[in-house]
Amino acid sequence: MNFKFHVPLLLASCTLLLFAGCNNGGGLDPNTASALSPLIGQQNAQFLSAGMKGVNAAALSTKDEDALGQSIAVALTNQYPPVKNDNLQRYVNLVGLAVASASPNPGGNWIFGVLDTPDVNAFSGPNGYVFVTRGAIEHMQDEAELAGVLAHEISHVCSHDGLNQIKAKEGTAALAEAASAADSRLAQLSSMSDAGYDVLTKTGYSQNQEFAADREGVKIMAAAGYNPESYLAFLRRLQSQQASSGGKLMSTHPGIGQRVSRVSQELQSMPHSGATLAQRFQNNALNLH
Amino acid sequence: MKISHVSAAAIALVLGATVASAESVWVKAELVDIRSGKAAIYPKVTTVKKGDELTVKSRDGHWVEVQLANGSSGWINDVSLSSQKVGADLVGFAPGAAAAEMSTGVAARGLQPGAETYASSKGLSKAPLEALIALRKSIQPAEYESFINEGHVGAK
């Protein structure tokens, strides 16, 4: 198997990562923006740290957020084309919808896709765009494992982490200015999309955001009727393969060991039951190409 | 005539009581889709915005069936609702954008203008994402219901 164990992105699941490092309630401060600049480019870092006077996140409508999510998804699906297997794509959408039905946004605009890359990864963009890679699916053994990964991503989407952080910081002072600058608004949405995509594909969420998505994800998948033990089994499988691959973790991301430990602890207070649906997964997730 | 007056008054009282007993809820999320069924798979009936008042027809778990102004009804999850009156946002980012979206935009689930512009400016193909969106939209509620019933999954 052409297995590229992409540890920095391993389930990093980067919802719009204007939000990287936003887990502390303090918004994207100049230091954070500075730290991000090598990743997202100086211009974007300045854009983020300058207070976003044009596109104020407090002013982002659902439509704006959808455009942002779509833009990032366009870029992502250009880099990693979707697997050309409608049955698989359909199956993953059905699993995702089942999981999303137990999420905080069960009526949301959820779109799921499988990307054709051997990298083990999953992504989520604003307003419900969730992707899992072929490489990740090839390392799963049952439907509940897939449900767990999707639940993790869905949790990120539902949290609106970065948008909320920026909303809190910016207030409403620049709204009138932004509303009168339609052209600038489009340009800035484009810039935000670049920034989000760059961060999404090069780094990930903060440790705390990943821990939180794991924690909420297992609750969501359990509420959707899936056995959360399967998610733990998937993480442990990756952990063992990571060791043999000699992969290294980025310092800004949680080690897989920490995640296994925390998820294991979380599951102690949850029922160890639910559907796993190994056979249905085998029937639908084979022959990925 | 006297009896008629009494009857009319009684009817008015009954009607009044009926109106008074109708439960109102207010939309607390910015924009929320009202759907024809109790899951994301069901088609959107319309979109409501923050501050809109809705009349409850029935409830099923976290899903609330609401009466719409045009006489139709649809389902919305209670996560987006408040039992207390919610004020609309005083300032919108793009005046008219929400209204346009409600009438045309997300229902079609094509690419938003901003995303179209982004793809064009970057020389990116929007076809892969559009294909995924089309595939997702092709899933019918009956297929979804069959899927979750067969696997005993999905929110109860």
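The values are calculated or read from the model by the stated rules, or taken from the named source; none is laboratory data. Here the structure is a predicted model, which means the values were calculated and not measured. When we count neighbours, we look across all protein chains shown, and the Cβ atoms used for this are built from the backbone with ideal geometry, even at glycine. Remember, those area values only see protein heavy atoms, side chains included, never the ligands or the DNA or RNA. Shrake-Rupley method; radii C 1.70, N 1.55, O 1.52, S 1.80 Å.
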Mind grabbing the interface size between A and B? I mean buried accessible area, both sides, 1.4 Å probe, in Å² to the nearest hundred. 4500 Å²
Arrange the residues B:Asp60, A:Asp64 by how much accessible surface each exposes, largest first, with a 1.4 angstrom probe. B:Asp60, A:Asp64
Return the distance in nm (one decimal) between the two label points of a simple spin-label model at A:Gln141 and A:Ser269, each offset 7 Å from Cα along Cα→Cβ. 2.8 nm
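Would you tell me the mean number of C-beta atoms belonging to other protein chains that fall within 10 Å of each C-beta in A:95-105, as a whole number?
What the average comes to for A:95-105 is 6.
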Base-10 log of normalised Debye intensity for region B:39-87 (one unit scatterer per alpha-carbon) at q = 0.16 Å⁻¹: -0.43
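Going from most exposed to least, what order do A:Asp119, B:Asp78 have by accessible area with a 1.4 Å probe?
B:Asp78, A:Asp119
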Leaving ligands, DNA and RNA out of it, work out the accessible area of A:Ile220 with a 1.4 Å probe and give it in Å² to the nearest 10. 10 Å²
Using protein chains only and a probe of 1.4 angstrom, how many square angstrom of A:His272 are accessible, to the nearest 10? 110 Å²
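How would B:Thr117, A:Thr117 line up by accessible area, probe 1.4 Å, largest first?
B:Thr117, A:Thr117
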Assuming R0 = 35 Å, what is the FRET efficiency of B:Ala22 and B:Lys156, from their Cβ-Cβ distance, to the nearest 0.05? 0.80
